[in-house]
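The values are calculated or read from the model by the stated rules, or taken from the named source; none is laboratory data. All values reported here derive from a predicted model rather than from experimental measurement. Here the Cβ positions follow ideal geometry from the backbone for every residue, glycine too, while neighbour counts run over all protein chains shown.
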Amino acid sequence: MIPTFPTRADLLPSWRTGAAVVAMFAVAALVARRAGPWLEAQGAQHATLGMLLFFVTSVIAVLAPMLTNLPLVPFAALAWGSGWTAALLLAGWIVGAMLSFTLGRRARDTILRRFPSVRRYTDIDRLIDRRHRMLSLVLLRMTFPVDVLSYALGMFSQRTTVVDNALSTAIGAAPFALLFALVPLMPSRVQGAVLIVSALLFVLYAAWMLRRPPASDT
């Protein structure tokens, strides 16, 4: 087997979805900043219930590819701080990734009927280098949405295990969870700079992914 790397057709739907989610996150950050004192008071008064609900919505957002809870992140960060927010968000993503991977293994036909977009990843194994499996999985985590990728790996990658899926999610998604949790607490000018730098870095990363030659698997 000779693994290849994602093509523009592979990545474009994920990039469009990511851009829409980031736009919603930016709007939510602006709204949350205006309600800062109220959010801090509510977060202190209902901390346990709020954290539990935020964790559950993070899990659900992975299980249901059409949903996202990222617009809630600015409110969570202002209520409980960036540390708790990043930890809860990442924990939800990991648990959701494990559940969606397991569902993918056991309910392939049903999932394909409900989420036909997953069919784009039937040859997901071609993107995984056998010599560097974990590195390949982490790079995929940083390129594709956690939800769709977990379902695809569960359904179509026989060599990937639930542990591989969880570990690659923890490593590949951690920088994003931390970034999303930190940005709402930054001054407005710093927020703008971070978003611009992050966008430039992502464009460079995407260009690198598209231009990388296929690695031989000998």
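Points worth noting:
- Conditions (1) in contact with a helix residue (DSSP H, G or I) (Cβ under 9 Å, 6 or more places away or on another chain); (2) over 30 Å from residue 50 (Cβ atoms); (3) without any contact (Cβ under 8 Å) to a residue 12 or more places away in the chain: number failed by residue 67: (2)
- Enumeration of residues in region 154-175 that are within 13 Å of residue 106 (Cα to Cα) and touching a Lys or Arg at 6+ places or on another chain (Cβ under 9 Å): 154, 155, 156, 162
- Residue 179 out of contact with any Pro (no Cβ under 9 Å at 6 or more places or on another chain) and free of Cβ contacts under 8 Å to residues at least 24 places away in the same chain: yes
Residues are listed down the side, and each one gets a yes or a no for (1) under 30 Å from residue 156 (Cβ atoms); (2) β-branched (Val, Ile, Thr); (3) out of contact with any Pro (no Cβ under 8 Å at 6 or more places or on another chain):
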position: 49; (1), (2), (3): no, no, yes
position: 52; (1), (2), (3): no, no, yes
position: 60; (1), (2), (3): yes, yes, yes
position: 81; (1), (2), (3): no, no, yes
position: 106; (1), (2), (3): yes, no, yes
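Here is a yes/no grid of residues against (1) in contact with a Phe, Trp or Tyr (Cβ under 7 Å, 6 or more places away or on another chain); (2) of a type in the set (A, V, I, L, M); (3) more than 30 Å from residue 81 (Cβ to Cβ):
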residue: 106; (1), (2), (3): no, no, yes
residue: 109; (1), (2), (3): no, no, yes
residue: 126; (1), (2), (3): no, no, yes
residue: 129; (1), (2), (3): no, no, yes
residue: 135; (1), (2), (3): no, yes, yes
residue: 141; (1), (2), (3): no, no, no
residue: 146; (1), (2), (3): yes, yes, no
residue: 173; (1), (2), (3): yes, yes, no
residue: 185; (1), (2), (3): no, yes, no
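- Screening residue 105 with (1) over 17 Å from the mean Cα position of the chain (by Cα); (2) at pLDDT 95 or above gives one miss only, at (2).
- Pick from region 159-218, criterion out of contact with any helix residue (DSSP H, G or I) (no Cβ under 6 Å at 6 or more places or on another chain) and hydroxyl-bearing (Ser, Thr, Tyr), ranking: modelled with the lowest pLDDT: 218
- Residue count, region 149-174 (criterion: free of Cβ contacts under 8 Å to residues at least 12 places away in the same chain and either under 12 Å from the mean Cα position of the chain (by Cα) or in a helix (DSSP H, G or I) (or both)): 1
- Some residue of region 27-48 being modelled with pLDDT of 60 or more and within 13 Å of the chain's Cα centre (by Cα): no
- Breaking point among (1) surrounded by fewer than 23 Cβ atoms within 10 Å (Cβ to Cβ); (2) within 26 Å of residue 195 (Cα to Cα), for residue 166: (2)
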